[in-house]
């Protein structure tokens, strides 16, 4: 369907990342880009979640949070060339290509906390048509 863009989001766990809280947008992206690319081409990387872009509404709700630091990359399905039936390898490859070749529209850090859990997500949003 031309003109319709479905946002797809990939979330993977970051490994041993010192979260650069003081950075935003281009500086944040450039700081984490190499780490993200490494994760996306590592066969041991597990997809934490993949699907329609979620909202960030888990603050204060431990049952909706996962302790740790994550990367969430959101892009148009048309640009990624994948769908919900794609294999994990195809999904990781598509997002790797996106990050390797394009800069996101924006990059930010979301921190959500419950009484016992703290989830930090570095989100990269790609909303341009390629």
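The values are calculated or read from the model by the stated rules, or taken from the named source; none is laboratory data. Quick caveat, the model's predicted, so the values are computed rather than measured. Every residue, glycine as well, gets a Cβ built from its backbone with ideal geometry; the counts of neighbours run over all protein chains shown.
When we screen 45, 57, 34 for residues that are assigned to a loop (DSSP other than H, G, I, E, B), at pLDDT 95 or above and surrounded by fewer than 17 Cβ atoms within 10 Å (Cβ to Cβ), the only hit is 45. Buried (at least 18 other Cβ atoms within 10 Å of the Cβ), within 11 Å of the chain's Cα centre (by Cα) and outside any strand (DSSP E or B): does that describe residue 99? Criteria met by residue 99. Just a yes or no: is a residue in region 22-30 surrounded by 13 or more Cβ atoms within 10 Å (Cβ to Cβ), in contact with a strand residue (DSSP E or B) (Cβ under 8 Å, 6 or more places away or on another chain), within 27 Å of residue 6 (Cβ to Cβ) and modelled with pLDDT of 95 or more? Yes, some residue in region 22-30 is surrounded by 13 or more Cβ atoms within 10 Å (Cβ to Cβ), in contact with a strand residue (DSSP E or B) (Cβ under 8 Å, 6 or more places away or on another chain), within 27 Å of residue 6 (Cβ to Cβ) and modelled with pLDDT of 95 or more.
When residues in region 118-129 are screened for being farther than 20 Å from residue 79 by Cβ and surrounded by fewer than 17 Cβ atoms within 10 Å (Cβ to Cβ), 1 of them pass.
Tell me yes or no: at least one residue of region 103-117 is closer than 16 Å to residue 13 by Cα, out of contact with any strand residue (DSSP E or B) (no Cβ under 7 Å at 6 or more places or on another chain) and surrounded by fewer than 17 Cβ atoms within 10 Å (Cβ to Cβ). Yes, that holds for at least one residue. If you scan region 60-96, which residues turn out to be modelled with pLDDT under 95, outside any loop (DSSP other than H, G, I, E, B) and exposed (fewer than 13 other Cβ atoms within 10 Å of the Cβ)? Hit for region 60-96 is 63, nothing else. Only a single criterion out of (1) modelled with pLDDT of 90 or more; (2) surrounded by fewer than 16 Cβ atoms within 10 Å (Cβ to Cβ) is not satisfied by residue 16, namely (1).
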